[in-house]
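Below: one structure, written as structure tokens.
The values are calculated or read from the model by the stated rules, or taken from the named source; none is laboratory data. Bear in mind the structure is a predicted one, so any value in this text is a computation, not a measurement. Backbone-built Cβ (ideal geometry, glycine too); neighbour counts: all protein chains shown.
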Amino acid sequence: MYEFDLVVGLTGHIGAGKDTFCQHLAPHGFEFMGMGDAIRAAAASLGITETSENYRGQLQDLGDRRKRESCDGGYWAKQLLATAGQRGVKKLIINGIRNPAEVSTLRDGAKLPHCFVLVGITAPTEMRYRRLAARRRAGDQLSLEKFLADDDRDRGIGQPPEGQHTDRCLALVDWPNLYCNGGTPDAFRVWIDEWLVLTAEWQASEDRRHRDESYGQGIR
């Protein structure tokens, strides 16, 4: 079992602003790893690259297949936790949580309940499409029809249990950790800063409660 000070599981719809969340917290000592990074590395070893046709779809297929073959919905989350733990990372953000089993894996891997928090980022569909069209990242198709098809799959519409289920993950997020990124970039950054303060206060409170409970059990 690895020792983490804080593990943040980050879920959210395609183009909602998850990368911005990670980048804003990097100066605060957080390291971030993407669920997609692990899948892209595995895909590259199979000859699937950014220039491959339907790149995002092939990544989704590979991610689902590995979870299905291993009978472990948290397969990719475990890979990233192990990598981070071996490197001695203390404050970790795992970006791209898309299945409830991954949430359970990260919560268990964080060892203590107050060392894990699930954060969700959403945004209006049209705004997310415009962001992706402007970003033009490999796999982010500019066709609205293709975007909506990818988005439906990512959200979990018609998907098997081991598949993408971002909507179900968002339903697990406590409301203080949920943000609709439909405003300005500055407003989003302000919310992230406020979230960081509230999370530190919550951790301190939970740590005191845990110590008090441990002390009480020790004197019985």
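Just to be sure I understand the filter: pairs with C-beta atoms under 7 Å, separated by 6 or more residues or on different chains, first member in the range 49-70 and over 11 Å from residue 39 (Cα atoms), second member surrounded by fewer than 17 Cβ atoms within 10 Å (Cβ to Cβ) and hydrophobic (A, V, I, L, M, F, W, C). Which pairs pass?
As it stands, the answer is 50/138; 55/138, since those pairs meet every condition given.
Any residue in the range 57-71 that is in contact with a strand residue (DSSP E or B) (Cβ under 9 Å, 6 or more places away or on another chain) and either surrounded by fewer than 16 Cβ atoms within 10 Å (Cβ to Cβ) or farther than 18 Å from residue 119 by Cβ (or both)?
The answer is no; no qualifying residue exists.
Tally the residues that are in a helix (DSSP H, G or I) and closer than 11 Å to residue 3 by Cα, restricting the search to the range 83-127.
Total meeting the criteria: 5.
Between residues in the range 167-181 that are closer than 10 Å to residue 156 by Cβ and modelled with pLDDT of 95 or more and residues that are crowded, with 16+ Cβ neighbours inside 10 Å and among the basic types (Lys, Arg), which pairs lie under 7 Å by C-beta distance while being six or more apart or on different chains?
Taking only residues 6 or more apart or on different chains, the pairs are 167/155; 169/98.
Specify which of the listed residues (162, 206) is part of a loop (DSSP other than H, G, I, E, B) and surrounded by 13 or more Cβ atoms within 10 Å (Cβ to Cβ).
Result: 162 is the single residue among 162, 206 that is part of a loop (DSSP other than H, G, I, E, B) and surrounded by 13 or more Cβ atoms within 10 Å (Cβ to Cβ).
For the range 30-66, how many residues meet the condition of being in contact with a Phe, Trp or Tyr (Cβ under 8 Å, 6 or more places away or on another chain) and part of a helix (DSSP H, G or I)?
Residues that pass the stated criteria total 5.
Return the residue satisfying two criteria in turn: it lies in the range 25-37 and is at pLDDT 85 or above and surrounded by 18 or more Cβ atoms within 10 Å (Cβ to Cβ), and of such residues it is farthest from residue 75 (Cα to Cα).
Going through the qualifying residues, I end up with 25.
Within the range 98-123, take every residue that is at pLDDT 90 or above and closer than 12 Å to residue 76 by Cα and give me the one that is nearest to the chain's Cα centre (by Cα).
Among residues in the range 98-123 that are at pLDDT 90 or above and closer than 12 Å to residue 76 by Cα, the one nearest to the chain's Cα centre (by Cα) is 98.
Taking the conditions exactly as written (surrounded by fewer than 15 Cβ atoms within 10 Å (Cβ to Cβ), of a type in the set (A, V, I, L, M, F, W, C) and over 19 Å from residue 162 (Cβ atoms)), does residue 84 satisfy them or not?
Taking the combined requirement at face value, the residue does not satisfy it.
Scan the range 25-48 residue by residue and report those that are in contact (Cβ under 8 Å) with a residue 60 or more places away in the chain and within 15 Å of the chain's Cα centre (by Cα).
Within the range 25-48, 25, 30, 31, 32, 33, 34, 35, 36 meet the criteria.
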